[in-house]
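Every number here is computed from the coordinates shown, using simple stated rules; none is lab data. Everything quoted here is computed from the prediction, not taken from an experiment. Cβ coordinates were reconstructed from backbone atoms using ideal geometry, including for glycine residues, and neighbour counts include every protein chain displayed.
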Amino acid sequence: MIKDADRIKLRRWRKRGFYSENALVKLLQKNGYSAVRIPVSNPSLSPLPDIIARKGEHVYAFEVKNADYYAYFPKQQIDKLFRFLNELMPGSNEQKHAVIAAHLGKKWLFREVNWTDWERDKLPEKIRILKRDRGNFTL
């Protein structure tokens, strides 16, 4: 049986993610991207990212985490980004990008995950982004 305190914690946790996803959509739009949040991107087996963005011929699938100092992205969530891009987006892989985004306080860090790692089944079990890290992707 779920306690009321647990329900409140779960709601707060979900609101944090919702806030970060909406903040990233606005940031992307401010930087010239067309972007939308996928509202059904809950923890499911469907290959849906949190956010889809497009700029020119390039398509971006984002997985977003809100954290204080570090964020973990499990292999299953990263795999879903690639499955979405591979199965549902036309075009060459050079124009499709899987990006993990960590919202760490006021700071955003982005890391694009390599297609060849996914194609060779070499994705790590999880990717960690620390607040002191530097990303490999900029808006």
Reachable lysines, given that their alpha-carbon falls under 27 Å from the alpha-carbon of residue 30 and they are not under 8 places away in the same chain: 15, 55, 65, 80, 96, 106, 107, 131
Long-range amide H partners of residue 38 with built H, under 5 Å: 51, 52
Skipping prolines and chain starts, which residues have an amide H placed within reach, meaning under 5 Å, of the one on residue 96, given they are 5 or more residues away or on another chain? 59
Run through segment 40-139 and list the GluC sites (Glu not before Pro) located in a DSSP loop whose Cβ has at most 16 other Cβ atoms within 10 Å. 57, 125
Would you pull out the residues with amide H under 5 Å of residue 135's amide H, same chain only if 5 or more places away, H placed 1.01 Å from N? 110
Spin-label model distance (nm) - residue 112 vs residue 31, 7 Å beyond Cα toward Cβ: 1.1
Mind checking which of 59, 40, 84 is farthest towards the positive end of segment 4-130's charge dipole, using Cβ charges of +1 (Lys, Arg) and -1 (Asp, Glu) about the Cα centre? 40
